[in-house]
1. Does the range 30-40 contain any residue that is modelled with pLDDT under 60 and over 30 Å from G83 (Cα atoms)?
2. Hey, could you check the range 51-89 for residues that are of a type in the set (K, R), in a helix (DSSP H, G or I) and touching a Ser or Thr at 6+ places or on another chain (Cβ under 9 Å) and say which is surrounded by the fewest Cβ atoms within 10 Å (Cβ to Cβ)?
3. Find all pairs meeting these conditions: Cβ atoms under 8 angstrom apart; at least six residues apart or on different chains; first residue within the range 90-113 and surrounded by 11 or more Cβ atoms within 10 Å (Cβ to Cβ) and at pLDDT 90 or above; second residue of a type outside the set (D, E, K, R) and assigned to a loop (DSSP other than H, G, I, E, B).
Amino acid sequence: MSDQPYGEGSAQEVGPSPSMQSYGQPPSRKQGAWNGLSITSLVLGIVWVYAIGSILAVVFGHIALHQIKAHPGQKGKRLAIAGLILGYLGFAFMALLIVAALAGSGGNGYYGG
């Protein structure tokens with residue numbers, strides 16, 4: 001047995017890990033990190049909340065593709081493409097609903113004549 005109190009002595013000093021950042025330093029962009037806008041585009045494309053989700057899915061998908069092209073180490077290109085596809089499908093679905101609504105009202109409108 002040693003004369004040192006429990007927990008002292010034989011263990012190495014534990015300090016902050018090299019991956020931790022100091023206060024005030026900007027976050028570093030890791031190689032291979034996921035692009036957040038590509039994930040957002042996919043989620044909004046799935047949820048689509050009427051037309052606003054589709055619009056945002058398309059916008060964020062295009063921005064994500066441009067960011068991924070500018071930073072080749074980022075992941076998420078397929079997610080951004082999937083978000084774009086779902087966003088454009090949401091546009092098409094809304095267009096069909098509008099056409100169906102207009103066709104459904106047909107000749108029942110008042111023309112004032």
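The values are calculated or read from the model by the stated rules, or taken from the named source; none is laboratory data. Not measured: the values here are computed from a predicted model. Cβ atoms come from the backbone with ideal geometry, glycine included; neighbour counts cover every protein chain shown.
1. no
2. Once the filter is applied, the top-ranked residue is R78.
3. From residues that are surrounded by 11 or more Cβ atoms within 10 Å (Cβ to Cβ) and at pLDDT 90 or above, the pairs are G90/W48.
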